[in-house]
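Novice: Take this structure first; my questions come after.
Read-outs throughout are calculated quantities, based only on the coordinates presented, and are distinct from any laboratory measurement. Here the structure is a predicted model, which is why all the values come from computation and not from measurement. Cβ coordinates were reconstructed from backbone atoms using ideal geometry, including for glycine residues, and neighbour counts include every protein chain displayed.
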Amino acid sequence: MRGGPQMRRLYKMTWMECKLFLREPLGAFFTLIFPLMMLFLFGSIYGNAPSQYFNGRGTIDISIPAYTAMIIATSGLMSITITIAAYREKGILRRLRTTPISPFTILAAQVIVVFLMTLLGMILLIIAGKFVYHVHFEGNAFSVFGGFVLCSLSFFGLGFILAGIMPTARTAQIVGMVILYPMLFLSGAGFPRELLPETIRKVSAFLPLTYVVNLLRGLWIGEAWSAHLLDIGVMVGLLIFGVIVSIKTFRWE
Amino acid sequence: MDVIEVKNLRKTYGRTIAVENISFVVHEGEIFGMVGPNGAGKTTAIECIEGLRRPDHGTISVLGLNSQTDSRRLRSITGIQLQNSNLPDHMKVWEALDLYASLYSSPVDWRVLIGQLGLEEKRDARFCKLSGGQKQRLFIALAVLPNPRLVFLDELTTGLDPQARHAIWDLVRSLRSQGKTILLTTHFMEEAEWLCDRVAILDHGQIAAMDTPDALIQSLAGEERVSFTLDAGMPPELEKALSLLGHIEYQGSRVIICGRSTENMQLAADVVNTLSGANIRFRSLQTVQPTLEDVFLQLTGRQIRE
């Protein structure tokens, strides 16, 4: 293989982590299966008929970017957090540290795999939405993908921070879930924010996932990036914060 | 040639002194053991030498490299087995070997290694399904995968049953016969005695004694004990002859001679010669050799396993 030993190692590590991800039923379920279940559940309740709530768009039309946000949050706060914290606690990182591999390669492999799985989760949603509910896509695919990448990396950063500052894998997992679940329901990722009362909508302004939902929903219906400067700013800020803090808090053991 | 040279190594954690000013060398091709109870500083010391921890003081040279400044390079040419480490639960044995082989520039063929370590039939087993002994064999395989001249083994057989332990010992000896140098730590004195060419006995972060196991036992251990049963009682002239060999204790009809063997005097042989020379009938002759365990007791005044 071309590209030097570190690239070959990265490729091997990434492929291995891919296999491990798919062998771990819980992570694969929440990333790949659960969003589809939500889609079919709400699809069977509301269908995808044009609705006055959503400016003439159907429930499923606006749910696909929202559920994508849900997958991003789950990947960041569960998959990344649990894997890194458990790898550290069990001594898996220690074992790797005895080899010439660089820590960057280990973390990069982790990010690539979780990113690919998140992307796969979104693709499954789009396929199901397209064939079962004939969703309308009014945006630009590259633009949506760009937003998806930005939001994913920002949330992965949150996962790394949690894994870094929590003392044990167990607490990292619990804290991750405690942050994740309320956020899913209050940010508009789990179900449309239009259905929430006004007072609760005010709370969502404090949740980072809200900005993911806003950005992805906007890009999905073809709005310009310039219409989402706040969302982008929050995501970029979160990403920078995540990278700095996770470098500072990374521990081998 | 010295493979490892440790000079005045010191490492503290807060106020706790883990390793206090230790120095030693490890020669090419030997199995060198750091032995001592849990908490004696063995793991801290070996991890400083491996380059995984930064000592507060002292210099460590490993294969001619500085283990602090050249740690990345060192990791590519040494094999390390850690006391507490794991692989992901769902990683298969062959996948682990294949992945770790890809991390080194000229690894040995893991397909050969897997057979040498008796893991062939566990090739497709997941890590979480392996027994303690199988996991340890896999870790040894990972440690020798880079084809290193020097292998570090930290508490290799802790938690294994005696059969698995003996199998691991055979493996370690086969590494030495391939010309590899081995630095190991253990709190099993028996393991050190079986495996090591030389040992350093660590206690409270310091080296209490360092030599070959035999020499340590010769110079420091308590006495050897030779016991036998005399049904007819002890004739006084025999007692006198035996008392020249060592101190005599009685437990009913059981006689115990406690003494030291030297190079030209084997206690057991002398006792037997004296008995048969006096034409005395005895039975159930037993000899108990002193062990490294006794050396430790002698050095520290306490048992190694509290």
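Novice: If each residue of separation counts as 0.36 nm, what is the full-extension length gain between A:Phe142 and A:Lys130 once their alpha-carbon separation is subtracted?
Specialist: Net length gain for the segment: 2.5 nm.
Novice: Which value at 222 nm does chain A reach when only helices count, each DSSP H run of 4 or more adding -39,500 (n - 2.57), with the total divided by all residues and rounded to the nearest 500 deg cm²/dmol?
Specialist: It lands at -24000 deg cm²/dmol.
Novice: Quick one: 3J(HN,Hα) in Hz for the stretch B:65-82, Karplus 6.51/-1.76/1.60 with θ = phi - 60°, rounded, Gly and Pro as x.
Specialist: Result, rounded to whole Hz: 9, 7, 6, 8, 7, 10, 5, 4, 5, 4, 5, 7, 10, 10, x, 10, 10, 9.
Novice: Working out 0.36 nm times the residue gap between B:Asp70 and B:Cys128, then minus their Cα-Cα distance, what length gain in nm do you get to one decimal?
Specialist: That pair, B:Asp70 and B:Cys128, stretches by 17.5 nm at full extension.
Novice: May I pose another question? Roughly what % of DSSP beta bridges within chain B run antiparallel, to the nearest 5?
Specialist: Bridges in chain B that DSSP calls antiparallel: roughly 65 percent.
Novice: Would you calculate the separation in nanometres between label points at A:Val236 and B:Ser106, each defined as 7 Å from the Cα along the Cα-to-beta-carbon direction?
Specialist: Taking the two extended label points, one gets 5.0 nm.
Novice: Roughly what % of DSSP beta bridges within the protein assembly as shown run antiparallel, to the nearest 5?
Specialist: Rounded to the nearest five, the antiparallel share is 65 percent.
Novice: So for the stretch A:1-154, taking the charge dipole from beta-carbon charges (+1 Lys/Arg, -1 Asp/Glu), which of A:Thr31, A:Ala69, A:Gly139 sits furthest toward the positive end?
Specialist: Checking the options against the dipole of the stretch A:1-154, the answer is A:Thr31.
Novice: Give me the percent relative contact order of the stretch A:131-211, please, defined on Cα pairs under 8 angstrom at least 6 residues apart.
Specialist: 18 percent
Novice: I've got another one for you. Please identify every one of the GluC sites (Glu not before Pro) in the stretch A:109-216 that sits in a loop by DSSP and has no more than 13 other beta carbons within 10 Å of its own beta carbon.
Specialist: A:Glu138
Novice: What FRET efficiency, computed as 1/(1 + (r/R0)^6) with R0 = 22 Å and r the Cβ-Cβ distance, is obtained for A:Met37 and A:Leu116, rounded to the nearest 0.05?
Specialist: Efficiency, rounded to the nearest 0.05: 0.55.
Novice: I would also like to ask the following. For a quick check of your reading of the filter: which chymotrypsin sites (Phe, Trp or Tyr not before Pro) in the stretch A:156-237 sit in a DSSP loop and have no more than 12 other Cβ atoms within 10 Å?
Specialist: Hits after loop and neighbour filter: A:Phe206.
Novice: Mean separation of Cα pairs under 8 Å and 6+ residues apart, divided by the residue count of the stretch A:154-253: what relative contact order is that in percent?
Specialist: Relative contact order here is 41 percent.
Novice: Taking H placed 1.01 Å from N in the peptide plane, check which residues at least 5 places from B:Ala18 or on another chain put their amide H under 5 Å from its amide H.
Specialist: For B:Ala18, the qualifying residues are B:Lys11, B:Thr12, B:Tyr13.
Novice: Residue by residue through B:79-88, how many Cβ atoms from other chains fall within 10 Å of the Cβ on average?
Specialist: 6
Novice: DSSP loop chymotrypsin sites (Phe, Trp or Tyr not before Pro) in the stretch A:20-80 with at most 16 other Cβ atoms within 10 Å of their Cβ, which ones?
Specialist: Here no chymotrypsin sites (Phe, Trp or Tyr not before Pro) fit, given the DSSP loop and packing criteria.
Novice: Please sort through the DSSP H helices of chain A and keep those with an alpha-carbon extent of at least 20 Å along the long axis and a Kyte-Doolittle average not below -1.0.
Specialist: Helices meeting the criterion: A:4-23, A:59-74, A:103-133, A:141-165, A:169-186, A:229-249.
Novice: Dipole of chain A, Cα-centred, from +1 at each Lys and Arg C-beta and -1 at each Asp and Glu C-beta, to the nearest 20 debye?
Specialist: Result for chain A is approximately 1100 debye, rounded to the nearest 20.
Novice: Would you mind computing Rg(Cα) / (2.2 N^0.38 Å) for the stretch A:32-165, counting N as its residues?
Specialist: Output field value: 1.26.
Novice: Skipping prolines and chain starts, which residues have an amide H placed within reach, meaning under 5 Å, of the one on B:Ala208, given they are 5 or more residues away or on another chain?
Specialist: Under 5 Å from the amide H of B:Ala208 lie the amide H atoms of B:Ile201, B:Leu202, B:Asp203, each far enough along the sequence or on another chain.
Novice: Calculate one ³J(HN,Hα) per residue across the stretch B:96-110 by plugging θ = phi - 60° into the Karplus curve 6.51 cos²θ - 1.76 cosθ + 1.60, and present them in order as whole Hz with x for glycine and proline.
Specialist: Running phi through 6.51 cos²θ - 1.76 cosθ + 1.60 with θ = phi - 60° gives 4, 5, 5, 5, 5, 4, 6, 7, 10, 7, 9, x, 6, 6, 5 Hz.
Novice: Let me know the longest stretch in chain A that avoids all trypsin sites (Lys or Arg not before Pro) found in a DSSP loop with at most 11 other C-beta atoms within 10 Å.
Specialist: No qualifying site falls inside A:3-250, the longest such stretch.
Novice: Divide by every residue of chain B the summed helix terms, -39500 (n - 2.57) for each DSSP H run of at least 4, and state the resulting mean residue ellipticity at 222 nm, rounded to the nearest 500 deg cm²/dmol.
Specialist: -10000 deg cm²/dmol
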